[in-house]
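Written below as structure tokens is the structure these notes are about.
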Amino acid sequence: DVSVNDVGAMTVPQAMSYANVAGLHAVYGLYSAFVGSIPYPLFGTSHHLVIGPTAIMSVLVKHSIPGSLDGDDVIQELHQYLSFALAFFTGLWLILVAILGLGFLVNLISE
């Protein structure tokens, strides 16, 4: 039995670190770790699910956004906006997959 304090003690530094890996400020890692867990009890169906940031998501966000646009370096603020847009459109994609009933495609992905 793991207490809430132990989970919080691991979640806070982990979320902050993953935000840094993604090229974002640490506070956005905290947002992603805790805000996602608020609506999950209403809509979620799995007892075993990672709700906060993960290492692979952080690396994918960092490398999905180019370091330069038209030869100019991407500033931190633009990197944040592009990260938010990436998250928004990923969410729209997931909603579309759910509406079309394509969740079975996840079973075809290798573990």
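The values are calculated or read from the model by the stated rules, or taken from the named source; none is laboratory data. All of these numbers come straight from a predicted model, not from anything done at the bench. Counting neighbours? That spans all protein chains shown, and the Cβs are built from the backbone with ideal geometry, glycine included. SASA here: full protein model, heavy atoms, side chains in, ligands and nucleic acids out. Shrake-Rupley method; radii C 1.70, N 1.55, O 1.52, S 1.80 Å.
The residue that is nearest to residue 23 (Cα to Cα), among those in segment 36-54 that are open to solvent by less than 100 Å² (accessible area, probe 1.4 Å) and among the polar types (S, T, N, Q), is 54.
Open to solvent by less than 90 Å² (accessible area, probe 1.4 Å), among the β-branched types (Val, Ile, Thr) and modelled with pLDDT of 90 or more, is that true of residue 74? So residue 74 does not fit the description; no.
Just a yes or no: is a residue in segment 32-45 modelled with pLDDT under 80 and under 18 Å from residue 89 (Cα atoms)? Yes, segment 32-45 contains at least one residue that is modelled with pLDDT under 80 and under 18 Å from residue 89 (Cα atoms).
With the requirement that a residue be surrounded by 10 or more Cβ atoms within 10 Å (Cβ to Cβ) and either more than 22 Å from residue 19 (Cβ to Cβ) or without any contact (Cβ under 8 Å) to a residue 24 or more places away in the chain (or both), what does segment 77-86 give you? Correct list: 78, 81, 82, 84, 85.
Checking each residue in segment 45-76 for being in contact (Cβ under 8 Å) with a residue 12 or more places away in the chain and of a type in the set (A, V, I, L, M, F, W, C) picks out 51, 55, 57, 59, 61, 65. Only a single criterion out of (1) small (Gly, Ala, Ser); (2) assigned to a helix (DSSP H, G or I); (3) at pLDDT below 90 is not satisfied by residue 110, namely (2).
Kindly indicate whether residue 28 is surrounded by 10 or more Cβ atoms within 10 Å (Cβ to Cβ) and free of Cβ contacts under 8 Å to residues at least 12 places away in the same chain. So residue 28 fails the test.
Screening residue 57 on (1) out of contact with any helix residue (DSSP H, G or I) (no Cβ under 8 Å at 6 or more places or on another chain); (2) open to solvent by 90 Å² or more (accessible area, probe 1.4 Å) shows it passes everything except condition (1).
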